[in-house]
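A.B. asks: The structure that follows is given in the form of structure tokens.
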Amino acid sequence: MDQFPADFRWGVSTSSYQIEGAVTEDGRGASIWDTFSHQPDRIGDATTGDVACDHYHRYAEDVALMADLGVRAYRFSIAWPRVQPTGSGPANPAGLAFYDRLVDSLLERGIEPAATLFHWDLPQALQDAGGWTNRDTAARFGEYADLAARALGDRVRLWLTLNEPIIHFTLGHLLGLHAPGVQLLDNPFPVVHHQLLGHGLAAAAIRQHGTGAVSIANNYSPAWPVGADGTRAGADDSDRAAAAVYDAFHNRLFTDPLLHGRYPDGVERLPGADLDSIVLDGDLEVISAPLDALGVNYYNPTGVRAPGHDGPLPFELTQLSGYPTTAFGWPVVPEGLTEILVTLKQRYGDRLPPIWITENGCCYDDGPGPDGSIVDTDRITYLDGHVRALRAAMDAGVRVDGYCLWSLMDNWEWAEGFTKRFGLVHVDFDTQGRTPKASYAWYRDLIARSS
Ligand code: BGC
Ligand code: BGC
């Protein structure tokens, strides 16, 4: 397990709205998450990302924590409304200057910057014009990518266009649990296609400025057929058929167009998937331009059953039984990571670019013990199992170049607010005090041993 390639990039991940705070500083415009988090009853603990980890002011301290950890890569996201407060027009120099400082301080410490352009904080002004339902948003995203890459493309080594378009689509636009909080049940497909088109336009813009690798971070979850008892042994043929449908929806809806240049079969049954009027000539060529890397975010497999008689969907999601769970209730299944990586290789063959794990991690209710130390043994167990599972996939022939753990520090976990802690570093949200947990020392040792 200690054997990783000498140039393997061990890293950590964060995202802008979850850590930065400073939401009105230096000309930043409002994003859909500012709007959403300030609405009543949207966030479990009724908090917002107004301050979050105050990283905007404390980034130097956070970079020092990364340097002490020994990571070689840091995946962060750029807040679009800092760069373009209303989502269009010229760049806001004060907003870009923050990322300029951040990137320089990373490079000074020998840490490769990996920048995500969209981790869900769409400028509110674009949402007011329809957001991702509007094809124009894809063009705006391409322009924003151009501004960001023009400013930072000489130093950013890896660019991720979108973060988890499937989650932004399902939680934000179908279930309404994330911003923008809509339920487009009759016509959701444009949100899929316009995100993908935005990716393609952004990828082309990035290539014009600098030599950084172009990628996208997708969420993958093996779809495991299960019976009513939540076990795989209990599954029957109808559960297996339902799992195949869910697999196409969750794991292939965005990746088939990117790597095969076409939507998976069955997409035309999605409401609003009037392909002829939404997918215009040339779009799929733009979307499927070669990638330099594929970002994989993995947390857990998903248990899938055939729907009951009156189920509205062609599948029903079911809790897997027989596994330990995190504080989110998510099952801890390291071998799911091996499975999804090997499946990607089988599915896409030579078209699969080198993989980066762009997120993997877990939340537990970590708090300081009597002596102030935080002994998060469950997180160490989770991470150890997943790093071994990663190694197993590499041994099976899957090329993986980096692993960015979610997350450097506890942060604002979307609809859960501050109640779900994913960090290697504990954050006291009253004082902003940062305390490395036992898992931080564990990861530091792993990096030192295996690089
Ligand atoms: C997904 C996570 C996502 C979370 C949002 C889960 O269903 O697997 O990746 O971040 O929802 O709360
Ligand atoms: C998201 C992160 C989130 C994490 C844990 C991912 O889906 O990209 O923003 O914090 O999962 O839920």
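The values are calculated or read from the model by the stated rules, or taken from the named source; none is laboratory data. All figures in this text were calculated on a predicted structure; none of them were measured in a lab. Every residue, glycine as well, gets a Cβ built from its backbone with ideal geometry; the counts of neighbours run over all protein chains shown. Only protein heavy atoms, including side chains, enter the accessible area calculation; ligands, DNA and RNA are left aside. Shrake-Rupley method; radii C 1.70, N 1.55, O 1.52, S 1.80 Å.
A.B. asks: Within the set of pairs 6 or more residues apart or between chains, which connect a residue that is over 20 Å from residue 35 (Cβ atoms) and open to solvent by 50 Å² or more (accessible area, probe 1.4 Å) inside the stretch 169-195 to a residue that is in a loop (DSSP other than H, G, I, E, B) and more than 15 Å from ligand 2 (Cβ to nearest atom) with Cβ atoms less than 7 Å apart?
C.D. replies: That search, which allows pairs on different chains as well, returns 185/271; 186/271; 186/272; 187/271; 187/272.
A.B. asks: Determine if the stretch 233-249 includes at least one residue that is surrounded by 16 or more Cβ atoms within 10 Å (Cβ to Cβ) and within 14 Å of ligand 1 (Cβ to nearest atom).
C.D. replies: yes
A.B. asks: Also, I was wondering about something else. Scan the stretch 373-395 and tell me whether some residue there is in a strand (DSSP E or B) and within 16 Å of ligand 2 (Cβ to nearest atom).
C.D. replies: no
A.B. asks: If you scan the stretch 1-17, which residues turn out to be more than 16 Å from ligand 1 (Cβ to nearest atom) and either in a loop (DSSP other than H, G, I, E, B) or in contact with a helix residue (DSSP H, G or I) (Cβ under 8 Å, 6 or more places away or on another chain) (or both)?
C.D. replies: 1, 2, 3, 4, 5, 6, 7, 8, 10, 12
A.B. asks: What are the pairs with Cβ atoms under 7 angstrom where one residue, in the stretch 18-47, is outside any loop (DSSP other than H, G, I, E, B) and open to solvent by less than 40 Å² (accessible area, probe 1.4 Å) and the other, located anywhere, is modelled with pLDDT of 95 or more and among the basic types (Lys, Arg)? Sequence gap at least six, or different chains.
C.D. replies: Partner pairs satisfying both residue conditions: 36/42.
A.B. asks: Pairs only if they're at least six apart or on different chains, beta carbon under 8 angstrom, first in the stretch 411-424 and free of Cβ contacts under 8 Å to residues at least 60 places away in the same chain, second open to solvent by less than 20 Å² (accessible area, probe 1.4 Å) and hydrophobic (A, V, I, L, M, F, W, C); list them, first residue then second.
C.D. replies: 423/408; 423/409
A.B. asks: Condition test on residue 377, is it surrounded by fewer than 23 Cβ atoms within 10 Å (Cβ to Cβ), within 16 Å of ligand 1 (Cβ to nearest atom), hydroxyl-bearing (Ser, Thr, Tyr) and touching a residue at least 12 places away in the same chain (Cβ under 8 Å)?
C.D. replies: In short, no.
A.B. asks: Given the residues 68, 154, which is the only one that is open to solvent by 10 Å² or more (accessible area, probe 1.4 Å), closer than 23 Å to residue 199 by Cβ and more than 22 Å from the chain's Cα centre (by Cα)?
C.D. replies: Going through 68, 154 in turn, just one is open to solvent by 10 Å² or more (accessible area, probe 1.4 Å), closer than 23 Å to residue 199 by Cβ and more than 22 Å from the chain's Cα centre (by Cα): 154.
A.B. asks: Just the residues that are in contact with a Phe, Trp or Tyr (Cβ under 9 Å, 6 or more places away or on another chain) and on the phi > 0 side of the Ramachandran plot, please, taken from the stretch 69-102.
C.D. replies: 70, 87
A.B. asks: Go through 146, 186, 136, 154 for me and flag whichever is modelled with pLDDT under 95, charged (D, E, K, R) and over 30 Å from residue 335 (Cβ atoms).
C.D. replies: The match here is 186.
A.B. asks: Further question on the same structure: Which of the residues belonging to the stretch 269-298 are in contact with a Leu (Cβ under 6 Å, 6 or more places away or on another chain) and assigned to a helix (DSSP H, G or I)?
C.D. replies: Matches in the stretch 269-298: 283, 287.
A.B. asks: Does at least one position in the stretch 286-305 carry a residue that is in contact with a helix residue (DSSP H, G or I) (Cβ under 8 Å, 6 or more places away or on another chain), among the charged types (D, E, K, R) and more than 28 Å from residue 141 (Cβ to Cβ)?
C.D. replies: yes
A.B. asks: Sticking with this structure for a sec: How do the helices (runs of 4 or more DSSP H) wholly within the stretch 152-260 filter down when requiring 1 or more residues that are hydroxyl-bearing (Ser, Thr, Tyr): which remain?
C.D. replies: Counting at least 1 such residues, we get 237-247, 255-260.
A.B. asks: Please specify each residue of the stretch 341-364 satisfying the condition of being hydroxyl-bearing (Ser, Thr, Tyr) and within 22 Å of residue 119 (Cα to Cα).
C.D. replies: The one that is hydroxyl-bearing (Ser, Thr, Tyr) and within 22 Å of residue 119 (Cα to Cα): 358.
A.B. asks: Let me ask another. Looking for something modelled with pLDDT under 95 and either within 16 Å of ligand 2 (Cβ to nearest atom) or open to solvent by less than 50 Å² (accessible area, probe 1.4 Å) (or both) - is there at least one such residue anywhere in the stretch 286-302?
C.D. replies: Checked the stretch 286-302: no residue is modelled with pLDDT under 95 and either within 16 Å of ligand 2 (Cβ to nearest atom) or open to solvent by less than 50 Å² (accessible area, probe 1.4 Å) (or both).
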